[in-house]
Every structure is written in structure tokens, then in C-alpha cells.
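Encoded as C-alpha cells, the structure appears first; notes follow it.
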Amino acid sequence: MSGANDLEPTLEAARAGDREALVRLLDAVGPMVRRRLGEKLPPAMRSSIDEDDLMQVTYIEAVMRFRGFTTGGVSGFLAWVTRLAENNLIDAVRAMEADKRPDPRRRVRAGPNADSMAQLVELLGMTYTTPSRMAAREEANAALDRALAKLPGVYERVIRLYDLDGRPVEEVAAEVGRSPGAVYMLRARAHERLRELLGSASQFFSSS
């Protein structure tokens, strides 16, 4: 990659915890990632999946998961960010295609908030470890609510609007100012983060 050696000090600074260095690094590799994605984005999806949204979600994930990047220099970092972006694109395309043939098992049914939260836990592939008595379930749902609050703001809003309130994707997209494709990307990443957070709350939740 042209200029990779010039970026090595920036990468090392980012690894040392310099957030501004990480932002500069993402700015440097972003155009290359975007070009690669442009080649993979299906023409039929271009009206629903915005490349700017795709890159923004990728940047959020790169910042959140940067500690997981442990090997390779700048070229390795480019490959890592590209994989994040490609995963986001794959999730968006799959969700858009699934939206044409909706599976009721993959969607929370709107209802009382407690019921919606229970369905969200099931959708995430988790189960409650608490007894079914009301007080214990309310405590577990409070833990889920706290986990939601730990997500990036736009992740939390998508989950609350789409999964808990049962709003159509078009409404959620308008509410958060993103494309429908971005809503699906954000939702997929939010589900991943919630599984991680709920997995650490083992007194309330376990994997199904």
C-alpha cells in the first residue's frame, strides 16, 4: 500500500491509546476501503444501501473494536477495516433480501415493553437464568435496559425503535437519519454488542 511506511508511526500512536491518531489512520485508509466496497455493492441495492452510511458504521466498529486488532502493520489494518466493512455490507444485503420474505421468528412482535424485551432476549439467542416470577424477570429486564444504555447512541435507538417498538425500517431510518440499509447494519452490530454485554451478566442471561 502506497505510503504505508509513513503511517506506521500513526498506527503505533493509535495502539498507544491516541484516539486522534486512530481517526487519522481511518481517514487515510477510508478511501481505499470505500473503493473496494463500491465494487462489491450490488447495483440493485444502491438505492437502499448508502456508501456513506456503510463507512460510518464501519468507523464506529473500528473505533470500538480497535483493541482487537493485534497483528500486522498498516496493510494489516487496511485488511482488518475492509473485513469490518464487508461484514457490514453482507449483513445489510442479507437483511434487505430477507425483508422481501419476512420470517416472523426474526422480528420482535410489538407489545408491552416487558414482553418485547423478553422476545429480544430470545432473538439474540439468549435465555433468562432467573426464575419466571415477576420480580426476578423485572430485575433481568433492568439489566437488559442497562446493557442497551451502554451501546453507542445510534445502536441503542435502532434497537429500541425497530426491535422493541416494532417500527417499520423506513420509519426507523427516517428517525435516525440513515438509509434502511444502515439500519440493518446498525442492528446487526448492536445485536453482537448486546450478546457480549449480556454474556457478562451471567446472573441474568445465558446462551441458548
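The values are calculated or read from the model by the stated rules, or taken from the named source; none is laboratory data. Remember, predicted model here, so these are calculated numbers, not experimental data. Cβ placement follows ideal geometry from the backbone for every residue including glycine, while neighbour counts extend to all protein chains displayed.
Given the structure, is Gly76 small (Gly, Ala, Ser) and on the phi < 0 side of the Ramachandran plot? So Gly76 fits the description; yes. Just one residue in the set Arg193, Arg187 is touching a Leu at 6+ places or on another chain (Cβ under 6 Å), assigned to a helix (DSSP H, G or I), of a type in the set (Lys, Arg) and not assigned by TED's automatic domain parsing to the domain that holds Ala62; that residue is Arg193.
A quick yes/no check of all residues on (1) more than 23 Å from Val57 (Cβ to Cβ); (2) at pLDDT below 95:
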| residue | (1), (2) |
| --- | --- |
| Asp6 | yes, yes |
| Gly17 | yes, yes |
| Leu22 | no, no |
| Asp27 | no, no |
| Lys40 | no, yes |
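Is at least one residue of the stretch 129-136 in contact with an Asp or Glu (Cβ under 9 Å, 6 or more places away or on another chain) and at pLDDT below 95? Among the residues of the stretch 129-136, at least one is in contact with an Asp or Glu (Cβ under 9 Å, 6 or more places away or on another chain) and at pLDDT below 95, which makes the answer yes. Among residues that are surrounded by fewer than 17 Cβ atoms within 10 Å (Cβ to Cβ) and either among the charged types (D, E, K, R) or modelled with pLDDT of 90 or more (or both), Glu175 is included. Taking Ala140 as the residue in question, decide whether it is of a type in the set (Gly, Ala, Ser), in a helix (DSSP H, G or I) and touching a strand residue (DSSP E or B) at 6+ places or on another chain (Cβ under 7 Å). So Ala140 fits the description; yes.
Selection of the stretch 177-208 for residues being of a type in the set (Lys, Arg) and within 17 Å of Val63 (Cβ to Cβ) yields Arg189, Arg193.
Hey, can you tell me all the residues within the stretch 172-189 that are under 10 Å from the mean Cα position of the chain (by Cα) and not β-branched (Val, Ile, Thr)? Scanning the stretch 172-189 gives Ala182, Tyr184, Met185, Leu186, Arg187, Ala188, Arg189. Considering the stretch 20-72, the residues that are farther than 21 Å from Met96 by Cβ and basic (Lys, Arg) include one that is nearest to the chain's Cα centre (by Cα), namely Arg65. Can you tell me how many residues in the stretch 196-208 are assigned to a helix (DSSP H, G or I) and either surrounded by fewer than 21 Cβ atoms within 10 Å (Cβ to Cβ) or small (Gly, Ala, Ser) (or both)? Qualifying residue count, the stretch 196-208: 3.
Within the stretch 148-157, is there a residue that is in the same structural domain as Asp115 (by TED's automatic domain parsing), touching a Leu at 6+ places or on another chain (Cβ under 8 Å), part of a helix (DSSP H, G or I) and closer than 20 Å to Lys100 by Cβ? No, the conditions are met nowhere in the stretch 148-157.
Conditions tested, residue by residue: (1) within 21 Å of Tyr155 (Cβ to Cβ); (2) touching a Gly at 6+ places or on another chain (Cβ under 9 Å).
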{"residue": "Arg15", "(1), (2)": "no, no"}
{"residue": "Ala21", "(1), (2)": "no, no"}
{"residue": "Leu26", "(1), (2)": "yes, no"}
{"residue": "Arg34", "(1), (2)": "no, no"}
{"residue": "Asp50", "(1), (2)": "yes, yes"}
{"residue": "Leu54", "(1), (2)": "yes, yes"}
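Could you please find all residues in the stretch 1-19 being over 22 Å from the mean Cα position of the chain (by Cα), part of a helix (DSSP H, G or I) and surrounded by fewer than 18 Cβ atoms within 10 Å (Cβ to Cβ)? If the condition is that a residue be over 22 Å from the mean Cα position of the chain (by Cα), part of a helix (DSSP H, G or I) and surrounded by fewer than 18 Cβ atoms within 10 Å (Cβ to Cβ), then Ala4, Asn5, Asp6, Glu8, Pro9, Glu12, Ala13, Arg15 are the ones that fit. Taken together, Ala79, Ala62, Ala95, Ala85 contain a single residue that is out of contact with any Lys or Arg (no Cβ under 6 Å at 6 or more places or on another chain) and free of Cβ contacts under 8 Å to residues at least 24 places away in the same chain, which is Ala79.
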